[in-house]
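Worksheet for the structure shown next.
The values are calculated or read from the model by the stated rules, or taken from the named source; none is laboratory data. Note that the structure is predicted; figures quoted are calculated from it, not measured. Cβ sites come from the backbone with ideal geometry, for glycine too, and all protein chains shown count toward neighbours.
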Amino acid sequence: MKLLSIIVPAYNMEAYLAQCVESVLRTPSLAALEIVIVNDGSTDKTLRIARQYADRYAETVRVIDKPNGNYGSTINAALAQVEGEYVKILDADDCFDGSRVAEYIAFLRKVQGVDMVVTPFVEVGGRREHRVEYNIYGKRVYEYGKTYDVERVVADGAIRFFTMHGVCYRTALLRKMKYRQSEGVSYTDQEWVFYPLFRAKTIAFADIPLYRYNVAREGQTMDTKVQMRSLAQLVAVTEGMARYFVMFSRSVRSVARVAFLRNIVADRIRIVFRKYLLVMSDKAFAKSDFEMVYVRLMQLVGQCRIEEFCVPVNNLLKIDLLRWWQRHGRRHTPILRKMLLAMDRLMVAIHAMIFR
């Protein structure tokens with residue numbers, strides 16, 4: 001049995017896939033690994049490249065070839081077949097730090113049986129890169145190498161959410177809860193760091209910045225322009241997470257865990273509202289379905305029992321975008337929105353300088 005399965009979703013990634021796979025293959029710990037490349041109906045040479053690696057590294061690399069179904073469908077297809085005790089996602093346009101893979105494998109052996117392993121990761125953008133801690137404020141709250149009860153972590157308030165790049169799960173945990181991601185839409189990486197938190201019992205932190213997240217690639221889903229074109233998909237994932245919370249939070253006995261999960265849902269809903277009320281152009285907003293989205297999301301806010309819900313520009317700029325809309329039936333003026341966006345970017349930059 002393999003110790004770690006690495007799922008590599010790939011759609012038209014011929015320019016990046018080789019670098020991605022090679023970054024994993026550099027390790028002397030290949031016997032403990034399997035790489036499952038899922039070709040999601042690519043129309044370029046992605047499948048050919050994947051099969052070349054499967055031929056050369058038959059004991060390590062496997063290929064799943066399937067019709068296009070978007071990101072979540074690749075994860076679902078792979079989870080049904082992975083053999084590793086642990087499973088981690090590596091997007092095809094990103095890579096691992098090959099020099100740290102063996103260290104990561106050794107850590108998994110050390111904490112074997114823990115439900116969830118969290119590490120820092122590195123954002124790479126052109127010549128610039130920086131390490132992102134497991135805590136968004138850049139503070140190391142928990143001891144590396146020690147196993148903690150998830151109940152303590154969610155109750156401490158030191159961590160507000162987790163990111164896909166830093167998370168690895170015990171495969172049995174996902175299979176026991178019959179984990180599946182939404183198909184046909186993007187942004188389902190948010191589900192990967194949300195749904196398993198309903199069931200995970202133990203967690204360990206490792207000082208191994210394994211994942212190298214490429215933030216420079218044009219056209220990636222986190223690009224603001226792409227997000228605005230795909231806003232309906234972001235809304236769909238957010239609504240799905242909220243409905244999941246409504247359905248399953250009652251089965252969670254821990255008050256602290258429910259509060260932690262509720263805050264994640266509230267943050268995701270706020271992000272959607274900010275896109276509509278602050279980022280979207282006037283022309284696009286006039287053609288949008290915001291009023292329908294507003295009704296659905298506010299219903300979910302009530303069903304999730306999110307109290308005193310507001311949509312500030314950010315944690316420092318407390319101007320409530322939603323309250324303005326509710327009172328006036330319109331957004332702030334274009335000039336004010338530009339000013340708020342500029343101030344938001346400045347504060348994000350300052351935050352990064354201070355905490356990273």
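Only one of the listed residues (F245, F260, F273) is in contact with a Leu (Cβ under 7 Å, 6 or more places away or on another chain), buried (at least 18 other Cβ atoms within 10 Å of the Cβ) and closer than 27 Å to E133 by Cβ. That residue is F245.
In region 237-356, counting only helices (runs of 4 or more DSSP H) that sit wholly within it, the ones holding 1 or more residues that are among the polar types (S, T, N, Q) span 255-274, 290-303, 321-328. Of all residues in region 276-304, those that are of a type in the set (K, R) and either at pLDDT 95 or above or not assigned by TED's automatic domain parsing to the domain that holds R323 (or both) total 1.
Residue-by-condition table, conditions (1) in the same structural domain as A200 (by TED's automatic domain parsing); (2) in contact with a Leu (Cβ under 8 Å, 6 or more places away or on another chain); (3) assigned to a loop (DSSP other than H, G, I, E, B):
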residue: N76; (1), (2), (3): yes, no, no
residue: Q81; (1), (2), (3): yes, no, yes
residue: R100; (1), (2), (3): yes, yes, no
residue: Y104; (1), (2), (3): yes, yes, no
residue: V114; (1), (2), (3): yes, no, yes
residue: E143; (1), (2), (3): yes, no, yes
residue: V153; (1), (2), (3): yes, no, no
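Tallying residues that are surrounded by 16 or more Cβ atoms within 10 Å (Cβ to Cβ) and either hydroxyl-bearing (S, T, Y) or more than 15 Å from I271 (Cβ to Cβ) (or both) within region 321-339 yields 5.
Per-residue answers, yes or no, for (1) within 30 Å of D40 (Cβ to Cβ); (2) in contact with a strand residue (DSSP E or B) (Cβ under 6 Å, 6 or more places away or on another chain); (3) not assigned by TED's automatic domain parsing to the domain that holds R253:
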position	(1), (2), (3)
R128	yes, no, yes
E133	no, no, yes
T147	no, yes, yes
I159	no, no, yes
F162	yes, no, yes
L174	yes, no, yes
M177	yes, no, yes
Q190	yes, no, yes
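Residue pairs whose Cβ atoms lie under 8 Å apart, separated by 6 or more positions or on different chains, with the first residue in region 22-50 and farther than 28 Å from E183 by Cα and the second among the polar types (S, T, N, Q) and surrounded by fewer than 17 Cβ atoms within 10 Å (Cβ to Cβ), are R26/S99.
Residues in region 188-207 that are out of contact with any Pro (no Cβ under 8 Å at 6 or more places or on another chain) and under 21 Å from V124 (Cβ atoms): D189, W192, V193, A206.
Name the single residue that is farthest from the chain's Cα centre (by Cα) among those in region 114-128 being charged (D, E, K, R) and surrounded by 14 or more Cβ atoms within 10 Å (Cβ to Cβ). This residue is D115.
In this entry, S42 passes the filter for residues that are more than 28 Å from K110 (Cβ to Cβ), modelled with pLDDT of 95 or more and of a type in the set (G, A, S).
Candidates Y169, Y187, Y137: the one that is modelled with pLDDT under 90, touching a helix residue (DSSP H, G or I) at 6+ places or on another chain (Cβ under 6 Å) and crowded, with 19+ Cβ neighbours inside 10 Å is Y187. Among all positions in region 31-48, there is no residue which is under 21 Å from the mean Cα position of the chain (by Cα) and either of a type in the set (F, W, Y) or not in a strand (DSSP E or B) (or both).
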